[in-house]
Amino acid sequence: MTTSGLVLTLAADEIVRQRCMDRLAAHDDLELGPAEGLRLPVVLTTADAEHSERVTRALRELPGVDHLDIVFVGLTDGDGSPPARADRAGAARTAPSVSPPQERTLP
Amino acid sequence: MTDAARTPQPATGACSLDRRSFMKGTAMAAAIAAARNAPASTSSALSRLGGVSWDKAPCRFCGTGCHVMVGTAEGKVVAVAGDADADVNRGLLCAKGYHVGEIMYGDDRLTTPLLRKHGELVPISWDEALDVIADRVEADPGGFAMYGSGQWTIAEGYVANKFSKGGLANNHIDPNARLCMASAVTGFLATYGVDEPASCYDDLEACDVAIMWGNNMAEAHPVLFSRLVDRKLRGGHVSIIDLATRRTRTSDMADRYLPFRPHTDLAVANGIAHLLLEQGAFDQEFVQKHCNFRRDTDPMSLFGEAMTFDEYRTALAPYTPEEVERISGVHADDIRWLASLFADPEKRIASFWCMGMNQHTRGTAINTLVHGVHLLSGHFGRPGDGPTSLTGQPSACGTVREVGTLAHTLPGGRLVFKQPHREWVEKQWNLPAGRIHDKPGHHTIKMWDAFTTPKDEGGDISTIWVQVTNPAQSLPNSQKLFFDKESAGDKFLIVSDVYPTVTTEQADLVLPSALWVEKNGMFGNSERRTQQWFRQVLPPGDARDDCWQIIALAKRLFDRGMPGMQDKHGRFLFELHDESGAEIPAWDWARYYDHNVDQALFEEYRPFTRMKHKDLAPYETYVNSRGLRWPVVQGDDGRWRETRWRFAEGLDPYVSEGKGVQFYHSVTKDDRAQVWFRPYERPPEMPDSEYPFWLCTGRVLEQWHTASMTGRVDALRDAMPVAFVEMHPKDADVLGVRNGDRVELTSRRGRLVLPAWVGGRGQPERGNVFVPFFDESKLINRLTLDETCPISKQPDYKKCAVALRKVEA
């Protein structure tokens, strides 16, 4: 289980911002806090760190999100251990992903 | 004496549902507090997370010096939060900092010493390991070198320096920082007579204009960039100008992106200076009161020779906007516009740079020219108005530049080739007169060249002990400077590290090290901020502190009777005492944390810091702060106060009343800074018909340095798993290359096949390609150039010539 505290800075354009808020509110992994002006506190809870990173990257690219700051990360899995890591050979042999996604949809 | 380690518990236990709920609540509370800019709320939220202990630590990665709050439970790091009480990051972290707690938990941590026997690395005891090293030292003390980095803590660097210069007395110690910021050092010294920035990060909020001189701050120092972006997003008036050879995330947020041809930043700086003079728009009062003029001698030297103002003006005359455009590609009108910014005394202009200006065969020159533009225009000495270099490693300043782990330096800015300096240090260290050698040791490039060259061909380094860095991946022209060790005869490589790396694969002896909050430590960041943290968890297996490793070796040599490990009274070189006067057995791992060895070493080091007005406060002061920027001076009320801006009256306690601005370490002894003329000159290697592209190397957001730590974090590795070659779309079209195609890069030194990334995150200008160096399976430094700046001896990783060829499937 990975729990992250995020602060999203949303677009000044009200229509774009509201569309963005609607999409964020519909996302199962996110819990939205009370907005402070354009700054929106958000908690992201995912099964693992990889999923957390994918969602975070997608959030950065989401229309209406001008900026994303990470302020807290809980690292434990469900059993209390830090997530298991692949070894270095695994790191080196990971298939190239030469185009980190520019996707506009949340996973 | 302060808590040695607060006795961390062995790793055990499970995470209860309650804690998960608490974790979620804490995450929300921290986010709300950050959104409201209410740090006290964050601290309060963290304290409510049951069963988790929190303590501060600076981030392990870059030179920004963000503070994180580290949450530990049952002997493990279980949570990380941005430290809302920290001035540097104000609760924010970047993608790497966010995962810093995971770097300790890779499956392949090194946990026992390993000695190469019959070609295989086999486990041995620490006792045997120390004997092996001691044998190598005794066999050739003059040929034993230490190679570290700006990742050494202050105590580690101090001990390594004392061991090499006060013990072995050969001065063969140098850090990876030589590859990182040596040109910034020589730039500051040549200009102000003392190293490190006069300004600080507060300029990010105080400036009207932020100029990035070849500096991709958005990816290399993201939290600092967030501070600028935050201002813009809140409607603040700050212009970001990105002078670069490649469009990056920094360019995307910049108001102006001004691309220039590689190496021509000198022409741009000279063009600005020329216009300031031609238009009479320079700050005449500031220049008359506070500046001298200087130029190079032949051969070049750090301090060159004096020139008159008229000679300076004449030297700049060729740098008309049109000529600068011809050299650099920056439009003449843009040069005029840049000059007009500096000509405006009302604007506050902050310049920032890092590797773009430092990793440059004219590195010292461009550093001094940027200082010169600020001095000439009087944009200096006010909040928001000054030049600030950034560092790539967490303690490049605190350890390398202040402790003096370069081959020619001693702690406190003392120099090995100056007799009074040696004598003073010998007195501080209680050494016999004449112990410290007067000849600088080998700088990084020379050290590794001497290591990979057979002894009978002049290769006088027989053993190198590497700590906290990964030279096989980070040295330029690495076949020549590293991998040729194999054919160089009796050479022995010792590597202390936390994970296997390309360097440990070639090592003869591997030593397992403690990492980050597995040990006590202190760092010094880019803005002169000294930071402290305590050990919070135990290292795995038999991993031990790098500091202990050196002290234990010194004790082994002392016990064998090596004179260099004795002071002038025959006592151990690293004899430390606690507050009661009892000796601290720092060489004994079982008792190492019975006392705070870091504190004892820091207090031994602290008197050195006053030699160049870089005063540090007592250790306890740092325990109770999120770092303080030196000089830290005690007021009449007994409080220790930091200094944000140096050399300006009212801001720097060492500036005399009535002086306004005072460069009190002036090389001309007249309280003036030096404005240099340095011409643009062609680089040593340029694209030609055989190698038609420029190659630039650098970092990416998700991986830090050679990724030996961030590569163990799934999320970061998945986000950026492999190196690539970034190309301009039109160059890709000409070569028939599409996104993802394999492309072979060839330089005069090596070749490498990489996947192409076209139209991705960054975009080099036409005729340029970019490759990050983090990937241990794609060693781009087999291709790079080992030519250096003649003054700083820092190599140029940003420019060499390569050929490209699409590799057919």
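The values are calculated or read from the model by the stated rules, or taken from the named source; none is laboratory data. The structure presented is a predicted model; accordingly, all values stated were derived computationally and were not measured. All Cβ positions, glycine included, derive from the backbone under ideal geometry; neighbour counts span all protein chains shown. These area figures cover heavy atoms from the full protein model, side chains too; ligands, DNA and RNA do not enter into them. Shrake-Rupley method; radii C 1.70, N 1.55, O 1.52, S 1.80 Å.
Relative protection proxy for B:495-502, B:50-57, from highest mean packing down: B:495-502, B:50-57 (other beta-carbon atoms within 10 angstrom). Computed extension gain for residue B:610 through residue B:659, at 0.36 nm per residue and net of the alpha carbon distance, reaches 15.5 nm. The fraction of accessible area contributed by carbon and sulfur in chain B is 47 percent, rounded to a whole number (1.4 Å probe; ligands and nucleic acids excluded). Inter-label distance, residue A:32 to residue A:60: 2.3 nm, where each label sits 7 Å from its Cα along the C-beta direction. When only Cα pairs below 8 angstrom with a gap of at least 6 residues are kept, chain B shows a relative contact order of 19 percent.
Just check the protein assembly as shown against the gyration tensor rule for me: Cα atoms, a ≥ b ≥ c as the square roots of the eigenvalues, rounded for a/c under 1.5, and otherwise prolate or oblate depending on whether a/b exceeds b/c. Because its axes are fairly even, with a/c under 1.5, the protein assembly as shown counts as rounded. Among the residues of B:69-79, the average count of other protein chain beta-carbon atoms within 10 Å of the residue beta-carbon is 3. Per-peptide packing, taken as the mean over residues of other Cβ atoms within 10 Å, places B:796-802, B:153-159 in the sequence B:153-159, B:796-802 from highest down.
Less than 20 Å from a label point 7 Å out along the Cα-to-Cβ axis of residue B:423: which backbone N atoms in region B:132-170 qualify, by residue? Residues B:166 fall inside that zone. Backbone phi angles across region B:330-338, fed through the Karplus curve with coefficients 6.51, -1.76 and 1.60 (θ = phi - 60°), yield HN-Hα couplings of 7, 4, 4, 5, 6, 5, 4, 5, 4 Hz in residue order; Gly and Pro are listed as x. Look at where the Cα atoms of region B:498-549 and of region B:689-736 average out, and the two centres are 27 Å apart. Counted residue by residue at 0.36 nm each, then reduced by the alpha carbon distance between them, the extension gain from residue B:651 to residue B:140 reaches 178.9 nm. Each label point was placed 7 Å from the Cα along the Cα-to-Cβ direction; for residue B:131 and residue B:55 their separation is 3.5 nm.
Restricting to the protein assembly as shown, compute how many DSSP beta bridges are antiparallel as a %, nearest 5. DSSP beta bridges in the protein assembly as shown are roughly 60 percent antiparallel.
Sort B:256, B:766 by accessible area with a 1.4 Å probe, largest first.
Numbers: B:256 75, B:766 120 Å².
Correct descending sequence by accessible area is B:766, B:256.
Shape class of region B:598-711 from the Cα gyration tensor (axes a ≥ b ≥ c, square roots of the eigenvalues): oblate, since a/c reaches 1.5 or more and a/b does not exceed b/c. On the basis of the beta-carbon distance and an R0 of 35 Å, residue B:284 and residue B:232 show a calculated FRET efficiency of 0.55.
Per-residue shielding of B:224-234, expressed as the average number of other chain Cβ atoms within 10 Å of the residue Cβ, stands at 2.
With both labels modelled 7 Å from their Cα along Cα-to-Cβ, the residue B:326 to residue B:37 distance reads 5.0 nm. The figure for residue B:436 is an accessible area of roughly 10 square angstrom, using a 1.4 Å probe on the protein chains alone. Interface of B with A. Using a 1.4 Å probe and counting protein heavy atoms only, the two chains hide about 5100 Å² of accessible surface, both sides summed. The alpha carbon gyration tensor of region B:74-196 gives principal lengths a ≥ b ≥ c with a/c of 1.5 or higher and a/b no greater than b/c, which makes the shape oblate. Coupling constants for region B:610-621 follow from the phi torsions by the Karplus curve (6.51 cos²θ - 1.76 cosθ + 1.60, θ = phi - 60°), and in residue order they are 7, 5, 10, 6, 10, 3, 10, 7, x, 3, 4, 5 Hz; glycine and proline get x. Legend: mean number of C-beta atoms from other chains within 10 angstrom of residue C-beta atoms, peptide B:717-725, equals 6. Ordering of A:34-47, B:367-380, B:648-661 by packing is B:367-380, A:34-47, B:648-661, highest average first (other Cβ atoms within 10 Å, averaged per residue). Quote the FRET efficiency, to the nearest 0.05, computed for residue A:16 versus residue B:636 with a Förster distance R0 of 60 Å and r equal to the Cβ-Cβ distance. It comes to 0.60.
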